[in-house]
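*Asks:* Below is a structure I'd like to ask you about.
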Amino acid sequence: MIRLATAADAAALVEIYAPFVTDTAVTFEYEVPSKEEFGRRISETLRLFPYLVLEKNGAILGYAYASRFKGRAAYDWAVETTVYVRQGSEGNGYGRALYARLEELLARQNVTNLNACITFPNPSSIAFHESMGYRTAAHFTMCGYKLGQWWDMIWMEKFIAEHSVPPEPFVPFNGK
């Protein structure tokens, strides 16, 4: 079941996210956020964009959300997409299901561009995004330092709507 996240899901989402923070360079975040901070992030995101969780047998196995790509009005039709699946649950289609639902909701908001920021190398994430229709748009060299080494970062992009002139107005999600 895929549903909207709530601040009450924060502890479960931190549990999924924490190993990516502490043990990998998948995220460039150094410290695991508190459940209170994670709850604040969820609530803040839902003001403008979808924040989804995937549950199976009452357990949250993954989450996905969109956030602002840049803070200027001209970027209103572009978002950054993020997905995390509980370690050990990969390969079951959970990330694909979350992203598919996220895309449906973003299309209703008149979003046109999806952008994903990915640590490089990360073959599994790159392959996943390619399978979802993303393509590499930019490669930045040694721009993040974590776990005792420098990491590259790539941006991948996907268009989910025509770029009409003028575009349809962006519709805030407002947690609905």
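The values are calculated or read from the model by the stated rules, or taken from the named source; none is laboratory data. Just so we're clear, the structure is a prediction, and the values are computed from it rather than from any experiment. Every residue, glycine among them, receives a Cβ derived from its backbone with ideal geometry; neighbour counts consider all protein chains shown. Accessible surface is based on the protein model in full, side chains and every heavy atom, while ligands, DNA and RNA are left aside. Shrake-Rupley method; radii C 1.70, N 1.55, O 1.52, S 1.80 Å.
*Asks:* For every other residue with a beta carbon closer than 13 angstrom to the beta carbon of residue 7, add +1 if it is Lys or Arg and -1 if Asp or Glu, then tell me the sum.
*Replies:* With Lys, Arg at +1 and Asp, Glu at -1, the neighbours total 0.
*Asks:* Straight-line reach only, C-alpha to C-alpha below 12 angstrom: list the aspartates and glutamates that residue 158 could link to, leaving out same-chain residues fewer than 8 apart.
*Replies:* Within the straight-line limit of under 12 Å, residue 158 reaches these aspartates and glutamates: 80, 103, 130.
*Asks:* Once you keep just the Cα pairs under 8 angstrom separated by 6 or more residues, what percentage relative contact order results for the chain?
*Replies:* Numbers: 316 pairs, mean separation 38.9, N = 176.
Relative contact order comes out at 22 percent.
*Asks:* Enumerate by residue number the trypsin sites (Lys or Arg not before Pro) in the stretch 1-53 meeting two conditions: DSSP loop (anything except H, G, I, E, B), and at most 11 other Cβ atoms within 10 Å of the site's Cβ.
*Replies:* Hits after loop and neighbour filter: 47.
*Asks:* Taking all protein chains in place and a 1.4 Å probe, what share, in percent, of the accessible surface of the stretch 62-176 do carbon and sulfur account for?
*Replies:* The nonpolar share, carbon plus sulfur, comes to 55 percent.
*Asks:* I would also like to ask the following. Only Lys, Arg, Asp and Glu count, each charged at its Cβ (+1, +1, -1, -1), so figure out the dipole size of the chain about its Cα centre, rounded to 20 debye.
*Replies:* Using Cβ point charges on Lys, Arg, Asp and Glu, the chain gives about 280 debye.
*Asks:* On average, how much accessible surface per residue is there in the stretch 44-142, in Å², for a 1.4 Å probe, leaving out ligands, DNA and RNA?
*Replies:* In whole numbers, the stretch 44-142 has 48 Å² accessible per residue.
*Asks:* Pick out, in residue order, every one of the chymotrypsin sites (Phe, Trp or Tyr not before Pro) in the stretch 1-91 that is DSSP loop and has at most 16 other C-beta atoms within 10 Å; say none if there are none. Mind dumping the intermediate values first?
*Replies:* Values: sites: 17, 20, 28, 30, 38, 51, 63, 65, 69, 75, 77, 84; in loops: 28, 30, 69, 77.
Here the sparse-neighbourhood loop sites are 28, 30.
*Asks:* Turning to a different aspect of this structure: If you bin the C-alpha pair distances of the chain every 10 Å from 0, what whole percents do you get?
*Replies:* Result returned by the calculation: 10, 37, 40, 13, 1.
*Asks:* How large is the accessible surface of residue 139 in square angstrom, using a 1.4 angstrom probe and rounding to the nearest 10?
*Replies:* Number for this one is 90 Å².
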